[in-house]
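Below is one structure, written out as structure tokens; comments come after it.
The values are calculated or read from the model by the stated rules, or taken from the named source; none is laboratory data. Just so you know, these numbers come straight off a predicted model, no measurement behind them. Neighbour counts run over all protein chains shown; Cβ positions are idealised from the backbone, glycine included. In case anyone asks, the SASA skips ligands and DNA or RNA and just uses the protein heavy atoms, side chains included. Shrake-Rupley method; radii C 1.70, N 1.55, O 1.52, S 1.80 Å.
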Amino acid sequence: MKFLVTGAAGFIGYHVSERLLDAGHQVIGIDNLNDYYDVSLKQARLERLAPHRSFHFEKMDIADRSAIAALFSHHKFARVIHLAAQAGVRYSIDNPHAYADANLVGHLNILEGCRHSKVEHLLYASSSSVYGLNRKLPFSTDDSVDHPVSLYAATKKANELMSHTYSHLYGLPTTGLRFFTVYGPWGRPDMALFKFTRAIIEGKSIDVYNHGQMRRDFTYIGDIAEAIVRLQDVIPQPDANWTVEQGSPATSSAPYRVYNIGNSSPVSLMEYITALEQALGCEAVKNMLPMQPGDVLETSADTQALFEVIGYKPATDVRQGVQRFVDWYKDFYRVD
Ligand SMILES: NC(=O)c1ccc[n+]([C@@H]2O[C@H](COP(=O)([O-])OP(=O)(O)OC[C@H]3O[C@@H](n4cnc5c(N)ncnc54)[C@H](O)[C@@H]3O)[C@@H](O)[C@H]2O)c1
């Protein structure tokens, strides 16, 4: 099948593209290769995809309306896996407009492309951050997500709402993927594991927010890619019996679904750091700091609905996943 993967040079997009290519699919990858983090890491990921004969890359901005319309008119995509976005909670405090451009205008352009070319299934990245002020754990897709605490989270929630309208109005099957803190090889330099690893190797201290009193459902990248590859074949169907009063917010009378994709076994930040210290064989100097604006205390995914449709849920142990990240990091950056 012919897939469009947006954000193909990104952390998750690279891994998903590789899985799809290995499974024999054709992948058109797009990415604007912006400098939110080290562009050479994005290029290195693309270099790993380039040898696949069924992979084709185009540098493109999803906020560029005419470029995206032209892309969809040139290709007939069976599936679209939309992962390009301005990511990061903390960056959205100082750079709100980057989120409006990539996550709102960009998402609309992808929806329009899918609508006009009759794509069979659009899967798009949402985020555990949509749960915002929700304190009921684990987070369920049946819970309210009306109180985000960062603009990033608000744009992800907006993506779900925009997708619902396209599912309702045009019958476009859409699946929203609420990822929970993803980590692993080829990970993002702006995320804790990468920053901690680099600092520890360079003999610098690490910044530990909220004095380590945070818990996260850390989810291994291989598990995320596996779940996406399985879900792309689970095309949402309209549920004629669904009503707002009685149905789940994660389903609809339209062909619309939302799933949590998380490990469903939250780990404290200090345990995560201990796993990293063990993998590196060296102790971190910890700089204990207060809570950051926009952060949440705990995330934990209820993945029952995911398991019911794909017979799979993320389960890689954090010690194993962190070790794999460290092995990759040392190899990639040639650290002894
Ligand atoms: N990694 C996580 O823990 C996590 C958690 C929840 C949600 N997500 C979401 O998953 C998706 C993928 O995240 P990731 O961790 O791979 O991030 P990433 O930053 O590594 O990948 C996103 C890619 O999109 C590209 N991009 C950004 N704006 C673009 C634009 N306007 N046009 C074209 N390309 C653009 C970037 O260059 C980047 O390569 C994002 O939507 C993110 O918000 C990630």
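Please go through segment 1-76 and write out the trypsin sites (Lys or Arg not before Pro) that DSSP classes as loop and that have at most 13 other C-beta atoms within 10 Å.
Passing both the DSSP loop test and the Cβ count: 53, 76.
Per residue of segment 92-107, in order, report the coupling 6.51 cos²θ - 1.76 cosθ + 1.60 (Karplus, θ = phi - 60°) as ³J(HN,Hα) in whole Hz, putting x for Gly and Pro.
6, 5, 9, 10, x, 5, 4, 6, 5, 5, 6, 8, 9, 4, x, 5
Can you pull out the trypsin sites (Lys or Arg not before Pro) in segment 128-180 whose DSSP state is coil and whose Cβ has at most 15 other Cβ atoms within 10 Å?
135, 136
What are the lysines whose alpha-carbon lies under 25 Å from the alpha-carbon of residue 330, with same-chain residues fewer than 8 places away excluded?
42, 195, 204, 286
To the nearest 20 Debye, how big is the dipole of segment 144-275 about its Cα centre, given +1 on the beta carbon of each Lys and Arg and -1 on that of each Asp and Glu?
In total the dipole reaches around 320 debye.
Counting Lys and Arg as +1 and Asp and Glu as -1, each charge on the Cβ, what is the dipole of the chain about the Cα centre in debye, to the nearest 20?
420 debye
Show me the trypsin sites (Lys or Arg not before Pro) within segment 274-336 that DSSP assigns to loop and that have at most 14 other Cβ atoms within 10 Å of their Cβ.
Passing both the DSSP loop test and the Cβ count: 334.
Consider a paramagnetic label point 7 Å from the Cα of residue 34 along Cα→Cβ; state which residues of segment 98-117 have an amide N under 19 Å from it.
Correct set: 98-112.
Would you list 282, 114 from the most to the least accessible area, probe 1.4 Å?
So the residues, ranked largest to smallest area, are 282, 114.
Between 68, 80, 109, whose Cα lies farthest towards the positive end of the dipole of segment 1-140 when Lys and Arg beta carbons carry +1 and Asp and Glu beta carbons carry -1, centred on the Cα centre?
Toward the positive end, the furthest listed residue is 80.
What is the magnitude of the charge dipole of segment 229-312 about its Cα centre, with +1 placed on the Cβ of each Lys and Arg, -1 on the Cβ of each Asp and Glu, and no other charges, expressed in debye to the nearest 20? Could the numbers behind the result be given before it?
Numbers: 3 positive and 10 negative charges, 34 e Å.
Its charge dipole is roughly 160 debye.
Taking amide H atoms as placed 1.01 Å from N in the peptide plane, list the residues 5 or more away in sequence, or in a different chain, whose amide H sits under 5 Å from that of residue 258.
176
So if each residue of separation counts as 0.36 nm, and I subtract the Cα-Cα distance between residue 213 and residue 93, what length gain in nm does that give?
41.0 nm
Short version: ³J(HN,Hα) in whole Hz for each residue of segment 311-316, in order, from phi by Karplus 6.51 cos²θ - 1.76 cosθ + 1.60 (θ = phi - 60°), x for Gly and Pro, what are they?
So the J values, rounded to whole Hz, are x, 7, 8, x, 8, 4.
Helix 65-74 sits at what angle to the longest principal axis of the chain, using alpha carbons and giving 0 to 90 degrees rounded to 10?
Between the helix axis and the principal axis of the chain, the angle is about 70 degrees.
Which of 29, 133, 237 sits closest to the plus end of the dipole of the chain, meaning its Cα is farthest towards the positive end, when Lys and Arg get +1 and Asp and Glu get -1 on the C-beta?
Farthest towards the positive pole: 29.
Suppose only helical runs count, i.e. DSSP H with n ≥ 4. What mean residue ellipticity at 222 nm does that imply for the chain under -39500 (n - 2.57) per run, divided by all residues and rounded to the nearest 500 deg cm²/dmol?
-11500 deg cm²/dmol
Which Cα, out of 197, 296, 39, lies furthest along the positive dipole direction of the chain (beta carbon charges, K/R +1, D/E -1)?
After comparing all options, I get 39.
Could you check the simple spin-label distance between residue 309 and residue 234, using points 7 Å along Cα→Cβ, in nm with one decimal?
Here the modelled spin labels are 0.6 nm apart.
Above 34 Å lies some portion of the pair distances; for the chain, what is it as a whole percent of all C-alpha pairs?
I get 20 percent for the Cα pairs in the chain exceeding 34 Å.
Through the Karplus equation 6.51 cos²θ - 1.76 cosθ + 1.60, θ set to phi - 60°, convert the phi angles of segment 289-301 into ³J(HN,Hα) values in whole Hz; use x for Gly and Pro.
10, x, 4, 8, x, x, 7, 10, 6, 8, 10, 7, 9
Say we join alpha carbon atoms closer than 10 Å with springs in a Gaussian network model of the chain; which of 92, 205, 252 then has the biggest fluctuation?
For the chain, modelled as a Gaussian network with Cα springs under 10 Å, the answer is 205.
Take every DSSP beta bridge with both residues inside the chain and express the antiparallel ones as a percent of the total, to the nearest 5.
Details: 2 of 39 bridges.
Close to 5 percent.
Name the long-range amide H neighbours of residue 57: under 5 Å, sequence gap of 5 or more, or other chain; modelled H, no Pro or chain starts.
Excluding prolines and chain starts, which carry no amide H, the hits are 29.
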